[in-house]
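**Q** Below are the structure tokens for one structure; questions will follow.
The values are calculated or read from the model by the stated rules, or taken from the named source; none is laboratory data. Treat the numbers as computed from the prediction; the structure is a model and nothing was measured. Using ideal geometry, Cβ is built from the backbone for each residue, glycine included, and neighbour counts are taken over all protein chains shown.
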Amino acid sequence: MLNSIALRKIRLESRSLVAALNSMGPSVQPAPLMSSAIVEAMASEWRQECTVEAVAATVSTNEDLVARARVQQPARNLLRAADFQSAGRGRKRRAWHAAPGGALLFSVAIPLTAASHALPPVTLACGVALAESLLGHGISVKLKWPNDIQVGGRKLGGILAELVADRSGNQTLVVGVGINLQLNEDVRSKINQPAIALDELQHSSQPTREHWIGEFGSAIFSASAQFLSTGFGTFRARFNRLLDSRGEVVDVLHDAVGALPLSGRVIEVDNDGRLVIEAEGQRHAISVGDVSVRR
């Protein structure tokens, strides 16, 4: 259970965010997300295995679930979705920009029954699951290592996975997802890379936000369960088929302290989810870093 101070903090943040949304005027306010509609859109095997929450606004759905999991591991799977995040973030705490209702924003919390130290590639596994869901809608996507979903070299969405331990050492996997639904000019100007949204990719009737979130949430739950059971091996070939820039020359900026930039040709991801780059006849396995394609 959350303590009273934490609960008051969450309530105050939610009230201030809702007030901010209301001050924007009715023309920019989305219809409220309905948790019951998200549940209805989920795969049947997950409807009874997950608690679904939908809020108008929050600081970050990932931060919400991480804060809870640090206090106490949840008793069951959670999915928390929001219309708006005031401080959504991606890898390296980079800001995620979206207007109210302009993105699919949700996180899932998955309680682990045993401690794990081999979770880094789970981000890639979840990327495969989301990409395959989008392909099922006729949307041709690629995966940019390690955590971006792209269409034609433009970012459609991203994934952020975190492993959290509570005070008793019980671990919870928290996976956050952000996918652009609509992009206005103000939001585009704040994003520091080419971006694209779902409304630019489908000209027929669009699924509702709840349908998208229910479908994607189910995909994340299923992929995580498979990953925890069998590891990354069952996802590796699927990720490599979707790997953006495979065979192209890229520049890699390592996150490791003191590591020099590396330029080379993208070969694949290995069994540990590392990006394999060939440079001057040698292969290098990259665990963390930023990749930019030479155009």
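**Q** Ser229: touching a strand residue (DSSP E or B) at 6+ places or on another chain (Cβ under 7 Å) and of a type in the set (Gly, Ala, Ser), yes or no? Before you say what the answer is, go through the steps one by one.
**A** Working: touching a strand residue (DSSP E or B) at 6+ places or on another chain (Cβ under 7 Å): no; of a type in the set (Gly, Ala, Ser): yes.
Answer is no for this residue.
**Q** Confirm whether Val269 is at pLDDT 90 or above and in contact with a His (Cβ under 9 Å, 6 or more places away or on another chain).
**A** Details: at pLDDT 90 or above: yes; in contact with a His (Cβ under 9 Å, 6 or more places away or on another chain): no.
Considered against the rule, which asks whether it is at pLDDT 90 or above and in contact with a His (Cβ under 9 Å, 6 or more places away or on another chain), Val269 comes out as no.
**Q** I'd like the residue in the stretch 138-197 that is among the polar types (S, T, N, Q) and assigned to a loop (DSSP other than H, G, I, E, B) and, out of all such residues, is modelled with the lowest pLDDT.
**A** Step one: list which residues in the stretch 138-197 are among the polar types (S, T, N, Q), which gives 140, 147, 150, 168, 170-172, 180, 182, 184, 189, 192-193.
Subset that is assigned to a loop (DSSP other than H, G, I, E, B): 140, 147, 168, 170, 182, 184, 192-193.
On the way: Ser140: 93, Asn147: 91, Ser168: 95, Asn170: 95, Gln182: 88, Asn184: 83, Asn192: 75, Gln193: 82.
The residue in question is Asn192.
**Q** Return the pairs, sorted by first residue and then second, in which the second residue is hydroxyl-bearing (Ser, Thr, Tyr) and at pLDDT below 95, the first residue lies in the stretch 49-68 and is under 22 Å from Ala37 (Cβ atoms) and surrounded by fewer than 18 Cβ atoms within 10 Å (Cβ to Cβ), the beta carbons are less than 7 Å apart, and the residues are 6+ apart or on different chains.
**A** none
**Q** Report yes if Gln182 is surrounded by 14 or more Cβ atoms within 10 Å (Cβ to Cβ) and in contact with a Gly (Cβ under 7 Å, 6 or more places away or on another chain), otherwise no. Steps first, please.
**A** Numbers: surrounded by 14 or more Cβ atoms within 10 Å (Cβ to Cβ): yes; in contact with a Gly (Cβ under 7 Å, 6 or more places away or on another chain): yes.
Yes.
**Q** Inspect the stretch 214-224 for any residue being aliphatic (A, V, I, L, M), touching a residue at least 40 places away in the same chain (Cβ under 8 Å), in contact with a His (Cβ under 8 Å, 6 or more places away or on another chain) and assigned by TED's automatic domain parsing to the domain that holds Gly102 and give the result as yes or no.
**A** no
**Q** In addition: Name the residues in the stretch 211-254 that are at negative phi and polar (S, T, N, Q), would you?
**A** Once the filter is applied, which keeps residues that are at negative phi and polar (S, T, N, Q), the stretch 211-254 yields Ser218, Ser222, Ser224, Gln226, Ser229, Thr230, Thr234, Asn240.
**Q** Within the group Gly136, Gly169, Gly214, which residue is among the small types (Gly, Ala, Ser) and either within 26 Å of Val288 (Cβ to Cβ) or more than 19 Å from the chain's Cα centre (by Cα) (or both)?
**A** Going through Gly136, Gly169, Gly214 in turn, just one is among the small types (Gly, Ala, Ser) and either within 26 Å of Val288 (Cβ to Cβ) or more than 19 Å from the chain's Cα centre (by Cα) (or both): Gly169.
**Q** With Ala99, Ala129, Ala81 as the choices, which residue is at pLDDT 90 or above and outside any strand (DSSP E or B)? If you could, list the steps in order and put the result at the bottom.
**A** Values: Ala99 fails: at pLDDT 90 or above; Ala81 fails: outside any strand (DSSP E or B).
Matching residue, one of Ala99, Ala129, Ala81: Ala129.
**Q** Check the stretch 225-242 and report whether any residue there is modelled with pLDDT of 90 or more, assigned by TED's automatic domain parsing to the domain that holds Ser60 and assigned to a strand (DSSP E or B).
**A** no
**Q** Within the stretch 128-147, which residues are surrounded by fewer than 22 Cβ atoms within 10 Å (Cβ to Cβ) and free of Cβ contacts under 8 Å to residues at least 24 places away in the same chain?
**A** Of everything in the stretch 128-147, those that are surrounded by fewer than 22 Cβ atoms within 10 Å (Cβ to Cβ) and free of Cβ contacts under 8 Å to residues at least 24 places away in the same chain turn out to be Leu135, Gly136, Ser140.
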